[in-house]
Amino acid sequence: MSVADPAGARAILAAARAAGRSALNEVEAKQVLAAFGIAVPPGALLPPEPAGPLAEGLHGPFALKIVSRDILHKTEAGGVRIGLPDAAAAGAAIAEMGARIAASGHAVDGWLLEEMAPKGVEMVVGALHDPRFGPVVMCGFGGVLVELLGDIAFAICPIDAVDCDAMLETLRGRALLSGWRGAPPAAIGALRAALLAIGGPGGLLEAVGDAVAELDINPLIVSPAGAVAADARIILGDAR
């Protein structure tokens, strides 16, 4: 597969490690994913107290998320709002969340304002370095129910298209991707491409080595139009 900007991805990871951080923020994590061809929603990084137009060039409805060096799990910290209809609603949400999060003692480094991803099947795609097997990629049904459902599959890297399809076939909810009860089929080819972008030959895990200890895209929303990483988390490992 072709890789868009592996050097740029490595630079983001190296800068975060040089700053003494253990994880990328969501903006950086999505920049790394985009460098390997994984689609992310159109969005903008806003300062902690934005002034002027908030959503210039973007179209609602919006998702708004806190960017904070102190907060890895944004939802649990009350740092996420979705379905905001316009820039005015986003501004009101920033004021409310900012005051509450600052009062809790957490840093507010900025805000990620994004267009809402198209509706689709919520998947989870991840990767880690297993001490016995080395790089491993994971795929399953995601969203807020990922831990409850536990419908996931693993494969040792590097993977190919056959491995991707084998992982998907083991999932109990596989029929959801093919169009369940009249829903349109999801773009399985786009899901396969995202898995290969992470765990395939020349993919993210191979290109950055041990610089990434864990990667988690939850959800990767797979619609008839494609697959979009709506949220992403990257834990840093040892630099190569």
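The values are calculated or read from the model by the stated rules, or taken from the named source; none is laboratory data. This one's a predicted model, so the numbers in the text were calculated from it and none came from an experiment. In this analysis, Cβ positions are derived from the backbone assuming ideal geometry, glycine residues included, and neighbour counts consider all displayed protein chains.
Arg233 fulfils the conditions (1) under 22 Å from Ala11 (Cα atoms); (2) surrounded by fewer than 22 Cβ atoms within 10 Å (Cβ to Cβ); (3) in contact with a Lys or Arg (Cβ under 6 Å, 6 or more places away or on another chain) except for a single criterion, (3). Within the range 45-67, being small (Gly, Ala, Ser), more than 14 Å from Asp231 (Cα to Cα) and touching a residue at least 40 places away in the same chain (Cβ under 8 Å) holds for Ala55, Gly60. Evaluation of Arg69 against the conditions (1) outside the structural domain of Ala213 (by TED's automatic domain parsing); (2) modelled with pLDDT of 95 or more; (3) more than 15 Å from the chain's Cα centre (by Cα) shows that the sole unmet condition is (2). For Ala190, are the conditions met, namely being in a helix (DSSP H, G or I), within 18 Å of Lys119 (Cα to Cα), modelled with pLDDT of 95 or more and over 14 Å from the mean Cα position of the chain (by Cα)? Answer is yes for this residue. No other residue among Val162, Val125 is modelled with pLDDT of 95 or more and under 19 Å from Ala213 (Cβ atoms) apart from Val125.
Among the residues of the range 98-113, not one is surrounded by fewer than 13 Cβ atoms within 10 Å (Cβ to Cβ) and under 11 Å from Leu64 (Cβ atoms). Do you know which residues across the range 18-44 are of a type in the set (D, E, K, R) and under 22 Å from Gly199 (Cβ atoms)? Result: Glu26, Glu28, Lys30. Scanning for something outside the structural domain of Ile217 (by TED's automatic domain parsing), in contact with an Asp or Glu (Cβ under 6 Å, 6 or more places away or on another chain) and surrounded by 19 or more Cβ atoms within 10 Å (Cβ to Cβ), does the range 86-94 turn up at least one residue? No - not one qualifying residue is present in the range 86-94. Of the numbered criteria (1) in a helix (DSSP H, G or I); (2) within 18 Å of the chain's Cα centre (by Cα), the one Ala127 fails is (1). Within the set of pairs 6+ apart or on separate chains, which have a first residue in the range 99-123 that is assigned to a loop (DSSP other than H, G, I, E, B), a second that is polar (S, T, N, Q), and C-beta atoms under 7 Å apart? Correct list of pairs: His106/Ser68; Ala107/Ser68; Val108/Ser68; Asp109/Ser68; Pro118/Ser223; Lys119/Ser223; Gly120/Ser223.
Scan the range 155-174 for residues that are under 14 Å from Met123 (Cβ atoms) and either hydrophobic (A, V, I, L, M, F, W, C) or in a helix (DSSP H, G or I) (or both) and the total you get is 5.
Checking Ala63, Ala14, Ala34 one by one, the residue that is of a type in the set (Gly, Ala, Ser) and crowded, with 20+ Cβ neighbours inside 10 Å is Ala63 and no other. Tallying residues that are assigned to a loop (DSSP other than H, G, I, E, B) and in contact (Cβ under 8 Å) with a residue 12 or more places away in the chain within the range 76-95 yields 5.
Number of residues in the range 203-240 that are modelled with pLDDT of 95 or more and part of a loop (DSSP other than H, G, I, E, B): the value is 5. Scanning the range 137-145 finds no residues that are more than 18 Å from the chain's Cα centre (by Cα) and in a helix (DSSP H, G or I). Looking only at the range 183-206, residues that are within 21 Å of Gly237 (Cα to Cα) and surrounded by fewer than 19 Cβ atoms within 10 Å (Cβ to Cβ) come to 3 in all.
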